[in-house]
Structure formats: C-alpha cells, structure tokens
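In what follows, a structure is listed as structure tokens, so that the remarks can point back to it.
Derivation of every value follows stated rules applied to the coordinates shown; laboratory data play no part. Small disclaimer: the values here were computed from a predicted structure and weren't measured. Methodologically, a virtual Cβ is constructed for each residue, glycine included, from the backbone with ideal geometry; neighbour enumeration extends over all protein chains shown.
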Amino acid sequence: ENNATAEKIVLITGASSGIGKATALLLAKKGAHVVLGARRTDRLEAIASDIQAEGGSVAYRTLDVTNLEQMQAFVNFAQEKFGRIDAIVNNAGVMPLSKLEVLKIEEWNRMIDVNIRGVLHGIAAGLPLMQQQGWGQFINLSSIAGHAVYPTAAVYCATKFAAIAISEGLRQEVSNIRVTVISPGVTESELADSISDDTARQGMQDFRRIAIPPEAIARAITFAIEQPNDVDVSEIIVRPTASP
Ligand code: NDP
C-alpha cells in the first residue's frame, strides 16, 4: 500500500453516496483514517461497518454542511478522535437543474448553500487547525460545470465556478496547505435524483448513459492526497472518454 496515504486522517463531506462513498472506501483500503459526514447517518453507519469489516479505520458523524457549527463540530470530532487532520474533502453537493425562467428560487438557494457555503464552511472550520499544524489539504469538488455553462445549469455552474475561484484564492493565500480542485465529468451517483424539473431531468438522460463510475473520481482524489507534501495537485479533470 502507498505509505503516503496510509495513516492520513481524511475528512469527507457527503460521504453517504456516490463519489464521497467511493472515496471513503478507497482511502480506507489504502490505510487512511477516514471521517465521514453527511445527513443520512444510517448510510454512514453501513459504510463504516463495511470499512471496519475489511480492517479499515473509520469514524462518522451527522453533518449538514450548510450549518457552520455542525461543520466545526465535525472537524473537532475528527481531531479529538485521531489527534490531527490531514485533509478535508469538500465533496457534498446538490444539482437540482432547471432553466432560470422556471424560477426555482429555493433550489437556487439550496445549491448556493450546499455547494458554495458548504465549501466555505469546510475552510472556516478546518483552516485554523491546519495553520496551527503547519500542514493540511483541502480537496474541493468542482465539475466540468466549473469550466463551461450549460442550459438548465446556470446556478449549478455558478456554484462550481465559485468552488474553483475559492480554491484558487485559498491556494494563493496560504502556504504549507495544499489546495486541490477535482472536476469530474458525468459520474454515476445519486446527484441527478435531486432534479425536480422534467425538462432538465430529460436533458440529463443522454449524459447519464456515458457516466463513469465514482471510483474513477475516488482515484483522482487519492492521487492528489498521496503526493509528497511539497507537491500540490491544483486540479484534476476526469471525464468519460465517450461523448453523449
Ligand atoms: P450524490 O448525490 O451521490 O452525493 C452527494 C452527497 O452530498 C451525498 O452524500 C449527500 O449526503 C451529500 N449532501 C447533500 N447535501 C448535503 C448537506 N446539506 N450536508 C451534508 N451533505 C450533503 O452525488 P455525487 O457523488 O455525484 O456528488 C459529489 C460531488 O461531486 C458534488 O459536489 C457534485 O456536485 C460533484 N460532481 C458530480 C458529478 C457527477 O456527474 N456525479 C460531476 C461533477 C461534479 P446526504 O444526503 O446524506 O446529506
């Protein structure tokens, strides 16, 4: 196993399904101590017992990333449990797509709260501790939607552009702390389940056919974590080979 990953303490938000879950399983297999957060605690419990059954090291805690206090409690929990934190994967995200003219304002706000505020809360909760330690790593999930805008995806894209801007700003401002953006193309997960708009849902069908497995993204995240500490993988774009 890779020594650079073994024994690292890695916090993962949105670890109850999709990319977060696949990342937790892969990192635990490589000997990391993984700390899982999400709202569906029953899912986290099941994932944690699978990891433990394989001899892995895991802890989990209920987490709503839109709530700064819960995020701080999540980071504190990891530190108390394992003594430090080596990386936070700000992975939690939602994607209820629709055209702007449909005015699904609650859904816009939810995307802003989870996909932008959630990332900022992860930084707010983890950065002081990382600065105290003198090391740490943020891995923030953007998307190919952080590089281009698609119809029905204006707000979602805005949140993923924001994830890149925030990550780049953080990278420039801090030293000794690594900042990584992971930008997946369409990946098998529960992400599109949150689309309530019929047109947007149908538009996703073609894309979902070419989706790559979440393990592909987990490998990219792991690659960024297992580099030596003086190497910062700033961004990895991972997308399906096929086009829709
Ligand atoms: P999933 O829907 O499978 O997973 C999303 C995770 O986010 C779930 O574990 C969910 O857990 C969690 N989550 C949602 N809201 C909150 C909240 N308020 N607090 C804490 N956790 C929350 O989708 P993916 O695995 O695909 O998504 C992971 C990330 O990857 C997202 O940021 C997404 O934007 C990004 N991405 C995904 C792509 C894809 O094609 N799948 C492409 C590009 C980027 P719970 O509901 O239990 O809280």
Residue in segment 192-214 that is farthest from residue 104 (Cα to Cα), counting only those that are among the acidic types (Asp, Glu) and part of a helix (DSSP H, G or I): 206
Residues that are crowded, with 24+ Cβ neighbours inside 10 Å and more than 7 Å from the ligand (Cβ to nearest atom), drawn from segment 181-193: 181, 182
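Each row is one residue, and each column tells you yes or no for (1) small (Gly, Ala, Ser); (2) assigned to a strand (DSSP E or B); (3) more than 15 Å from the ligand (Cβ to nearest atom); (4) closer than 21 Å to residue 192 by Cα.
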{"site": "11", "(1), (2), (3), (4)": "no, yes, no, no"}
{"site": "22", "(1), (2), (3), (4)": "yes, no, no, yes"}
{"site": "36", "(1), (2), (3), (4)": "no, yes, no, no"}
{"site": "45", "(1), (2), (3), (4)": "no, no, no, no"}
{"site": "48", "(1), (2), (3), (4)": "yes, no, no, no"}
{"site": "72", "(1), (2), (3), (4)": "no, no, no, no"}
{"site": "79", "(1), (2), (3), (4)": "no, no, yes, no"}
Check on residue 41, within 16 Å of the chain's Cα centre (by Cα) and of a type outside the set (A, V, I, L, M): no
Breaking point among (1) under 26 Å from residue 107 (Cα atoms); (2) more than 16 Å from the ligand (Cβ to nearest atom); (3) of a type in the set (Ser, Thr, Tyr); (4) assigned to a loop (DSSP other than H, G, I, E, B), for residue 152: (2)
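Looking at this structure, is residue 54 more than 13 Å from the ligand (Cβ to nearest atom) and over 24 Å from residue 238 (Cα atoms)?
Working: more than 13 Å from the ligand (Cβ to nearest atom): yes; over 24 Å from residue 238 (Cα atoms): yes.
So residue 54 passes the test.
Residue-by-condition table, conditions (1) touching an Asp or Glu at 6+ places or on another chain (Cβ under 6 Å); (2) touching a residue at least 40 places away in the same chain (Cβ under 8 Å); (3) surrounded by fewer than 22 Cβ atoms within 10 Å (Cβ to Cβ); (4) of a type in the set (D, E, K, R):
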{"position": "106", "(1), (2), (3), (4)": "no, no, yes, yes"}
{"position": "112", "(1), (2), (3), (4)": "no, yes, yes, no"}
{"position": "115", "(1), (2), (3), (4)": "no, yes, no, no"}
{"position": "121", "(1), (2), (3), (4)": "no, yes, no, no"}
{"position": "125", "(1), (2), (3), (4)": "no, yes, no, no"}
{"position": "146", "(1), (2), (3), (4)": "no, no, no, no"}
